[in-house]
Amino acid sequence: MSSRNLPHHLYVHVDSSFFRGGEQRFEPAVWFALRSEPNRAWGCTVLTEEGAVYRNLPPHSLSFSKDPEPNWTLPQAQCWDCYGTAFDTIKYTYLSDLTARYDGTEDRATCLFFACPHSDGFSAAPDQSKEFAFLRTRGDRLLVRPTNRLLFEERSFTTDTGWPTDILTATKIWECESED
């Protein structure tokens, strides 16, 4: 397993039924790290108000308010399990805080940062390699999506023409010293 710091810590609320048991109740926490293990959901590491560190919380356990959109499930929060242990986190300045449509819908979320897997079989294959955006939904939930399921809105540049259907999946590894 591999953990990384977030590009910056985030103030969140965590469903305490995930680590205390009992009824669902959202309590304040600081989310500061992320963990990846193959065939599992991203694991979020938080600091609780009493100073306890709890790790491997799934994305659907976090929210950005005490009263988020109800009944948020793991498949809604994250569409694919992690496929390796090595990754980097980055906050792209250009995409930071931009709104993005997701999953071919009109739903929107705000970009927080990215997790960029590497050093695994999927990341080595151009048609499988993906970066994952971590976003805040309008219902104050955490959303994790690969970039091929997002359309960013940058008002000074982008034009909403609907979901593109003509963008090809990368299949080639480009090498400047190859003989091809």
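The values are calculated or read from the model by the stated rules, or taken from the named source; none is laboratory data. The shown structure was predicted, so the numbers you read here are calculated from the model rather than taken from an experiment. Using ideal geometry, Cβ is built from the backbone for each residue, glycine included, and neighbour counts are taken over all protein chains shown. Note: areas computed on protein heavy atoms with side chains; ligands, DNA, RNA excluded. Shrake-Rupley method; radii C 1.70, N 1.55, O 1.52, S 1.80 Å.
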For the stretch 110-145, name all the residues that are part of a strand (DSSP E or B), at pLDDT below 95 and open to solvent by 40 Å² or more (accessible area, probe 1.4 Å). none
Members of the stretch 1-23 that are without any contact (Cβ under 8 Å) to a residue 40 or more places away in the chain, small (Gly, Ala, Ser) and either in contact with a strand residue (DSSP E or B) (Cβ under 8 Å, 6 or more places away or on another chain) or open to solvent by less than 20 Å² (accessible area, probe 1.4 Å) (or both): 16
Kindly indicate which of 93, 48, 89, 73 is over 19 Å from residue 16 (Cβ atoms) and more than 14 Å from the chain's Cα centre (by Cα). 93
Kindly check whether there is at least one residue in the stretch 146-158 that is outside any strand (DSSP E or B), at pLDDT below 95 and basic (Lys, Arg). yes
